[in-house]
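See structure below.
The values are calculated or read from the model by the stated rules, or taken from the named source; none is laboratory data. None of these values were measured; they are calculated from a predicted model. Because the Cβ atoms are built from the backbone with ideal geometry, glycine has one as well, and the counts that use them run over all protein chains shown. Accessible surface areas use protein heavy atoms only, side chains included; no ligands, DNA or RNA. Shrake-Rupley method; radii C 1.70, N 1.55, O 1.52, S 1.80 Å.
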2 protein chains.
Amino acid sequence: MTRRAGDGVPPQEQVSGPHGDVDVPEAVRSRGRSRRNFAGARPVMGDVARLAGVSKQTVSRVLNDNPSVRPETREVVLTAMRTLGYRPSRSARSLASGRTRMLGVISFDAARFGPASILTAINSAAQDAGYLVSSIALDTADRATVVRAVDTLSAEGADGVIAIAPQRWVGRALAEARLDTPLMVLENDLGKDASFVTADNAAGARKATEHLLDLGHATVHHVAGPTGWLSADHRVAAWRTTLETAGAAVPEPLIGDWSADSGYELGRRLAADPDVTAVFASNDQMALGVLRALHESGRRVPDDVSVVGYDDIPEAAHLLPPLTTVRTDFPEIGTRSLRLLLSQLDGPPEPPVDRVVPVELIVRRSTGPAPSGRAPAAGHG
Amino acid sequence: MTRRAGDGVPPQEQVSGPHGDVDVPEAVRSRGRSRRNFAGARPVMGDVARLAGVSKQTVSRVLNDNPSVRPETREVVLTAMRTLGYRPSRSARSLASGRTRMLGVISFDAARFGPASILTAINSAAQDAGYLVSSIALDTADRATVVRAVDTLSAEGADGVIAIAPQRWVGRALAEARLDTPLMVLENDLGKDASFVTADNAAGARKATEHLLDLGHATVHHVAGPTGWLSADHRVAAWRTTLETAGAAVPEPLIGDWSADSGYELGRRLAADPDVTAVFASNDQMALGVLRALHESGRRVPDDVSVVGYDDIPEAAHLLPPLTTVRTDFPEIGTRSLRLLLSQLDGPPEPPVDRVVPVELIVRRSTGPAPSGRAPAAGHG
DNA sequence: CACCATGATGTTACCGGTAACTCACAGGCG
DNA sequence: CGCCTGTGAGTTACCGGTAACATCATGGTG
């Protein structure tokens, strides 16, 4: 008897008393046994059809905007739907049509700013497109878990899946989990095995590095994210290339784990080296740690050392000093990937939209000209 | 013919060609016409039954752990399922059983640290319980949107709904939206109209205020969140009560909008007043703004002014100086609410679990003894 | 005016499961 | 030895929609 939750709720308890079955619990119970529905039971397509004096199929046509329904008929049906407060059942619809209008999203570290922003954007955009989003947040990061998540979503009948997969191995695991629906991978690059969308990490790192070089710093030290993270690796590569192109020395990058703690640790090392005048950290948290380490060592920012972060978290503008950083348009990543996925769902793959989202350098006060005395090309651009 | 995406996918093609009906359209077409399934088609319960030599119903029983299946039979069926790689269809299951095993979550500001953490926790916990989570992220905050979201989730057949509703009016809107499934409201208080879970805002504000009073500050200034936000209002009330109880003066609270910007604005006002020695901000972002304003005015923290934040965002420990703050256990809010909701789903409401999640004061370096000369009860506690 | 294309709607079967009922068979009991 | 009971499995109907096909006016054409 627990068919639909709430079916048997004592009517008087239900706040605003939507169900009119005041004292006829029998009516409720008889539902499912007799063909007729009673007030209070969720109306189904047949009820609408009966009230409108048409067949079920016509109601279905109205629901799906089928053009071959006469306008007057459509109106009658719509009125009946409104009168009854009819809502189609997604389960039934999915079962019959084979499409669930449900998208799956797999994300890692979903509480962090970047992923959370992407997730939110996907959610909003999907809602606008009439899709529901089922998300699976993964914390433990082992291969089996990833495969299982994909499997779950696939079994649930997701029409498509978006995975926010910042680590390389996750991308590979995703590629292996053979999925019978379109897959879109974010912050990763599966070659031609799947569609992907990513921020332009290379450009971001290049801009940050060039900005510091332009300020006259002899070279730029780098606090990198952990190896194996696509974004970290791409940024390291671009940072290195930029330095080489400029003919600057390439110091060994210091590898952190994205946390402010690790930034602090590494920052202390950098602070101890008087030659260090410019630091580019691969995210704002680590930059924050670096700032603190520098501060504690008595090295002033930006007078003695310039610091650039990455991501532009909301706090960045108010750090001491306000942090120069590379802004990633996370929402854009989300919406763009959703658009791409949806375009895959109906019709053949569209012409390649731009899968690389541009980034922007936000200059604030944590960067400044290299301290005089060691600037080879001080203060131009 | 596009019934199920990937139905006819030749296994070897899988990845890049979603609709692989290249040259075996007959096989694909015959599906749904003939009773037999072909390799590549998603196996259904009937296939398992045939392979296992039992009836569909028996397979269903195995699937649902029905005790009246002989162990040997169960084994045979399970083997058949494994062989075929069978996964039950959620749509069909929902349609027949009336339960979707899907939970809806409505959230505001889902990219912010608190909501995102709660969301993630709910997600993980739901997954463990075998539920899928469909989330709707709301940005525009008008009543109609809220009602529509609830409506959507309800129509989608969610077995239950959790709403992260930090503002009072949202709670009311939720209560009005007639919902035929259990509703759980977070960070809000609907009286007895719905279940809720919330952090202990009063205790947090009290702890923060007492901490500052104990340090010898004559009184504590408050940078509040916007009126109408439950947490903001509760914190203001508790802050006021605590001051009154201690016999301290109660300055007019300054009202911000949670952003660091607003904290900065208000912080400048506070910095200009030499009587201000202790500030309690209703979240860490605003505290950050206050810190910056104080810094720019040359007032040292904590020597001249002590600052306490709220939330303990990951960055708090590395601000300059590291921020004393009240830690809210967001994940706990998420998991607890999920537990409560699930317990409502099966069986009658359980004895009231504790719906108020405790908070913890994290003392770091942004607070210190009141500057000498004006401390009425300096340095005990 | 018969003929066929067309548009609007109804009929029937089916999607993939579950609920309720039925049935065959074994053992306990009078 | 016949009847009752209970266990394990099968049958049938049904959930609420959609697809494919059938039906039936209507109207333009030759």
Considering (1) assigned to a helix (DSSP H, G or I); (2) under 30 Å from A:Gly309 (Cα atoms), say which one B:Ala237 fails and leave the rest. (2)
Residues in region B:62-89 that are within 25 Å of A:Ser89 (Cα to Cα) and free of Cβ contacts under 8 Å to residues at least 40 places away in the same chain: how many? 2
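Would you say B:Leu179 is within 13 Å of chain A (Cβ to nearest Cβ) and touching a Phe, Trp or Tyr at 6+ places or on another chain (Cβ under 7 Å)?
Values: within 13 Å of chain A (Cβ to nearest Cβ): yes; touching a Phe, Trp or Tyr at 6+ places or on another chain (Cβ under 7 Å): no.
So B:Leu179 fails the test.
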Does region A:48-60 hold any residues that are assigned to a helix (DSSP H, G or I), within 12 Å of DNA strand D (Cβ to nearest atom) and open to solvent by less than 90 Å² (accessible area, probe 1.4 Å), and which are they? A:Val48, A:Ala49, A:Thr58, A:Val59, A:Ser60
So which residues in region B:238-261 are open to solvent by 50 Å² or more (accessible area, probe 1.4 Å) and not charged (D, E, K, R)? B:Thr241, B:Thr245, B:Ala246, B:Gly247, B:Ala249, B:Val250, B:Ile255
For region B:90-124 the number of residues that are without any contact (Cβ under 8 Å) to a residue 60 or more places away in the chain and within 16 Å of DNA strand D (Cβ to nearest atom) is 11
Take the residues of region A:125-160 that are touching a residue at least 60 places away in the same chain (Cβ under 8 Å) and either within 19 Å of A:Phe330 (Cα to Cα) or surrounded by fewer than 20 Cβ atoms within 10 Å (Cβ to Cβ) (or both): which is farthest from the other protein chains (Cβ to nearest Cβ)? A:Ala129
Please verify whether A:Val185 is touching a residue at least 40 places away in the same chain (Cβ under 8 Å) and open to solvent by less than 50 Å² (accessible area, probe 1.4 Å), treating the condition exactly as stated. no
Picked from region A:91-107 (must be surrounded by fewer than 22 Cβ atoms within 10 Å (Cβ to Cβ) and more than 11 Å from DNA strand C (Cβ to nearest atom)), the residue nearest to B:Thr152 (Cα to Cα) is A:Arg101
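State which residue is farthest from the chain's Cα centre (by Cα) when the search covers only region A:71-88 and only residues that are within 14 Å of chain B (Cβ to nearest Cβ) and open to solvent by less than 50 Å² (accessible area, probe 1.4 Å). Reasoning before the result, please.
Residues of region A:71-88 that are within 14 Å of chain B (Cβ to nearest Cβ), as a first pass: A:81-82, A:84-88.
Next, only the ones that are open to solvent by less than 50 Å² (accessible area, probe 1.4 Å) stay: A:81, A:85-86, A:88.
Details: A:Met81: 36, A:Gly85: 34, A:Tyr86: 33, A:Pro88: 29 Å.
Filtering first and then ranking leaves A:Met81.
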On the given criteria, is B:Leu270 away from every other protein chain (no Cβ under 14 Å), in contact (Cβ under 8 Å) with a residue 24 or more places away in the chain and either in a helix (DSSP H, G or I) or aromatic (Phe, Trp, Tyr) (or both)? yes
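Look at region A:115-124 and say how many of its residues are more than 8 Å from chain B (Cβ to nearest Cβ) and open to solvent by 10 Å² or more (accessible area, probe 1.4 Å).
Within region A:115-124, the subset more than 8 Å from chain B (Cβ to nearest Cβ) is A:115, A:118, A:121-122.
Subsequent filtering for residues that are open to solvent by 10 Å² or more (accessible area, probe 1.4 Å) retains A:115, A:121.
Qualifying residue count, region A:115-124: 2.
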Apart from one, (1) open to solvent by 20 Å² or more (accessible area, probe 1.4 Å); (2) more than 22 Å from A:Gly114 (Cα to Cα) all hold for A:Thr227; the odd one out is (2)
Exclusive hit being away from chain A (no Cβ under 13 Å) and among the basic types (Lys, Arg), set B:Arg300, B:Arg355, B:Arg292: B:Arg355
If we ask which residues in region B:335-348 are facing chain A (nearest Cβ under 10 Å) and part of a helix (DSSP H, G or I), their number turns out to be 2
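This table checks each residue for (1) modelled with pLDDT of 95 or more; (2) not in a strand (DSSP E or B).
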residue: B:Val279; (1), (2): yes, no
residue: B:Gly289; (1), (2): yes, yes
residue: B:Arg292; (1), (2): yes, yes
residue: B:Pro302; (1), (2): no, yes
residue: B:Val308; (1), (2): yes, no
residue: B:Pro321; (1), (2): no, yes
Selection from region A:22-47 of residues that are at pLDDT below 90, within 13 Å of DNA strand D (Cβ to nearest atom) and more than 14 Å from every other protein chain (Cβ to nearest Cβ): A:Ser30, A:Arg33, A:Ser34, A:Arg35, A:Arg36, A:Asn37, A:Phe38
Scan (1) within 23 Å of A:Arg99 (Cβ to Cβ); (2) modelled with pLDDT under 90; (3) surrounded by 11 or more Cβ atoms within 10 Å (Cβ to Cβ) for the single condition A:Ser68 breaks and write down its number. (3)
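Of the residues that make up region B:61-68, is at least one within 12 Å of DNA strand D (Cβ to nearest atom) and within 10 Å of chain A (Cβ to nearest Cβ)?
Initial filter on region B:61-68 (within 12 Å of DNA strand D (Cβ to nearest atom)): B:61-62, B:66-68.
Add one more test, that the residue is within 10 Å of chain A (Cβ to nearest Cβ), and what stays is none.
There is no residue in region B:61-68 that is within 12 Å of DNA strand D (Cβ to nearest atom) and within 10 Å of chain A (Cβ to nearest Cβ).
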Some residue of region B:134-148 being over 14 Å from the mean Cα position of the chain (by Cα) and within 16 Å of DNA strand D (Cβ to nearest atom): no
Which one of these is at pLDDT 85 or above and not aromatic (Phe, Trp, Tyr): B:Ala194, B:Ala158? B:Ala158
Would you pick out the residues in region A:251-266 that are more than 10 Å from every other protein chain (Cβ to nearest Cβ) and either touching a Phe, Trp or Tyr at 6+ places or on another chain (Cβ under 6 Å) or part of a helix (DSSP H, G or I) (or both)? A:Ser262, A:Glu265, A:Leu266
